[in-house]
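*Asks:* Please read through the structure below; I'll follow up with questions.
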Amino acid sequence: METNNVSYQIEYFIKNSSYKKVKGSNNIGLSENSVRSYRSLYRIWQDFELYNGDTIEMSEMNKDIIYKFIYWIVNVRKYSVNYQGQLLKQLKSICKEAEKGGEDVNAYYNYIESYKQRNSDRILITLNSVEIDQLKKIKELSFELENVRKWFLLGLNIGQRISDLLKLKPNNFRKAPNGGKYVNLIQQKTNKLVTIGIIDPLILSFIDNEFPMRIHATEFNKKIKELCKLAGMDQIIKGYKVNPITNRKEMDLYPKYELITSHTMRRSFATNYFGKIETPILMEITGHSRESTFLSYIGENPNKDAVADVFMERLKQLGNT
């Protein structure tokens, strides 16, 4: 079997992913999500080879092949800008690993550069405090939608990814001295133990009395749009939505409820509390390791007035000491 073609090297990387040291930590073994993304790369690269008309050797990863691949993912597959950048980053990692293993790899791989969407092109969909109150005030929902509303409000209160939120059970919660609740969880992506405090009376009431039932993430994403429509979030805004024909995200004007996804919870949490609660505390909860990444996550235009208000409040406290 030929062992120096790109497909083989991706497959080899995946098979040995459990023995790979995780960059920036002392852990070994890539996460399930990382392995899944490399499996996607494997399938995509095989499709590209069909488009190219031949298997590609590592020694053939020259400028022409790389630019042909970029053309294909941009103009033929029409992947999102961020996904294009992710694929190039992964491809470079495969080349580097193969070279470290003694394979003959074309040196041009060193010039593969990842990229991401311009901040000016990003559209971040969040819910503000007024919209969250609208969700709280909805009455007479079906059992199914009420169950979704509980998960949604809980997610808006704790700022976690959907994969971590929907795994929660009553035994993840414990009493806090101030009458609130602590929720303990291990974040799937970071493998980090996080404790978050909850004081919202509505959230506390259903944690104690009617904890939400399990629901699949796909169904949850579908139902929160229905829920937000009932809450009156029908203003027309610009955003990205998947075209069911092309299966690609397209920017256009849509009712806001159509753009709400499970990720809206985490981003709303970070955005709404930025400047009101110290950034390191928010980062500890969301799992961001760098402040620059956190600030990019909430957008270039977070609530600057809130930051200034906190600064002035601290100045007043200093003046009273």
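Bear in mind these aren't lab numbers, they're just calculated from the coordinates by the rules spelled out. The model shown is predicted, which means the values in this text are computed figures rather than measured ones. Cβ sites come from the backbone with ideal geometry, for glycine too, and all protein chains shown count toward neighbours.
*Asks:* Show the residues, 5+ positions off or on another chain, whose built amide H is closer than 5 Å to the amide H of residue 127.
*Replies:* It is 268, by chain and number.
*Asks:* Can I ask one more? How would 69, 294, 211 line up from fewest to most surrounding beta-carbon atoms within 10 angstrom?
*Replies:* 211, 294, 69
*Asks:* Express in nm, to one decimal, how much length is gained between residue 208 and residue 163 on full extension, taking 0.36 nm for each residue of separation and deducting their alpha carbon distance.
*Replies:* Between residue 208 and residue 163, full extension yields an extra 14.0 nm.
*Asks:* If each DSSP helix of 4+ residues adds -39,500 (n - 2.57) and the sum is divided by the residues in the chain, what number results at 222 nm, nearest 500 deg cm²/dmol?
*Replies:* After summing the helix terms and dividing by residue count, I get -15000 deg cm²/dmol.
*Asks:* For residue 247 and residue 70, FRET efficiency with R0 = 22 Å and r from the beta-carbon atoms, rounded to 0.05?
*Replies:* 0.60
*Asks:* Going toward the positive end of the dipole of the chain, with +1 on Lys and Arg Cβ and -1 on Asp and Glu Cβ, which of 311, 6, 243 do you reach last?
*Replies:* About the Cα centre, the residue reaching furthest to the positive side is 311.
*Asks:* Specify which labelled value, from (i) -0.66, -1.00, -1.10, -1.22; (ii) -0.61, -1.11, -1.22, -1.31; (iii) -0.50, -1.03, -1.17, -1.31, agrees with log10 I(q)/I(0) by the Debye sum over Cα atoms at q = 0.09, 0.13, 0.14, 0.15 Å⁻¹ derived from the coordinates of the model shown.
*Replies:* Step by step, log10 I(q)/I(0) by the Debye sum over Cα atoms at q = 0.09, 0.13, 0.14, 0.15 Å⁻¹ for this structure corresponds to label (ii).
*Asks:* Also: Between residue 113 and residue 200, what is the FRET efficiency for a Förster distance of 51 Å, r being their Cβ-Cβ separation, to the nearest 0.05?
*Replies:* 0.70
*Asks:* Continuing with this model, one more query. For the pair residue 215/residue 36, report the inter-label distance in nm, with labels modelled 7 Å from Cα in the Cβ direction.
*Replies:* Going from the residue 215 label point to the residue 36 one covers 1.9 nm.
*Asks:* List the residues, sorted by chain then number, that are 5 or more residues from residue 248 or on another chain and whose placed amide H is less than 5 Å from its amide H.
*Replies:* Residues meeting the criterion, in which the H sits 1.01 Å from N, are 243.
*Asks:* Let me ask something else about it. Arrange 271, 195, 218 by Cβ neighbour counts within 10 Å, fewest through most, would you?
*Replies:* 218, 195, 271
*Asks:* How do 72, 151 rank when sorted from fewest to most other Cβ atoms within 10 Å of their own Cβ?
*Replies:* 72, 151
*Asks:* Return the long-range amide H neighbours of residue 5 (sequence gap of 5 or more, or a different chain), with a cut-off of under 5 Å between placed amide H atoms.
*Replies:* Result for residue 5 returns 58.
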